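Read through the structure below, which is laid out as structure tokens, and then see the notes.
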Amino acid sequence: MAASDHTILEQASGWLRQGRKVALATVVETWGSAPQPIGSQLVIDAEGNFIGSVSGGCVEGAVVTEAIDIIATGKPKLLQFGVADETAWKVGLACGGRIGVYVEPIT
């Protein structure tokens, strides 16, 4: 689900107030074909609920899955998706391009 930066951060704040554990994913690098620009964000809770967009399709599914692990461990991670990666076809980047998504737990 696409949303404005303001809405994404409001949702993160609301979920935190409710006592949910939350992670924030931010596009920090793009090269070639990328559906979302640098700075695009996705907020995810520990149950896999999310709002925002960092790419679309399977990339977002992979980011949500990683975010749940990051929430559990408390350790941020830089995720890379791209044509040089054998997972490019699986996550929907077969048309070319590369993105870097930094995912961090927030409190």
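For segment 56-79, the set of residues classified as closer than 15 Å to GLY97 by Cα and either in contact with a Phe, Trp or Tyr (Cβ under 7 Å, 6 or more places away or on another chain) or open to solvent by 30 Å² or more (accessible area, probe 1.4 Å) (or both) consists of GLY57, CYS58, VAL59, listed by residue number.
Search segment 33-55 for residues being out of contact with any Phe, Trp or Tyr (no Cβ under 6 Å at 6 or more places or on another chain) and hydrophobic (A, V, I, L, M, F, W, C), and hand back the single one that is surrounded by the fewest Cβ atoms within 10 Å (Cβ to Cβ). Steps first, please.
Taking segment 33-55 first, the residues out of contact with any Phe, Trp or Tyr (no Cβ under 6 Å at 6 or more places or on another chain) are 33-41, 43, 46-55.
Narrowing the set further to residues that are hydrophobic (A, V, I, L, M, F, W, C) leaves 34, 38, 43, 46, 50-51, 54.
Details: ALA34: 23, ILE38: 12, VAL43: 26, ALA46: 15, PHE50: 23, ILE51: 18, VAL54: 25.
Applying the filter and picking the extreme gives ILE38.
A single member of ASP45, ASP85, ASP69 is modelled with pLDDT under 95 and charged (D, E, K, R), and it is ASP85.
The values are calculated or read from the model by the stated rules, or taken from the named source; none is laboratory data. These numbers were taken from a predicted model, which means no experiment stands behind them. When we count neighbours, we look across all protein chains shown, and the Cβ atoms used for this are built from the backbone with ideal geometry, even at glycine. Ligands, DNA and RNA are excluded from the accessible area calculation, which covers all protein heavy atoms including side chains. Shrake-Rupley method; radii C 1.70, N 1.55, O 1.52, S 1.80 Å.
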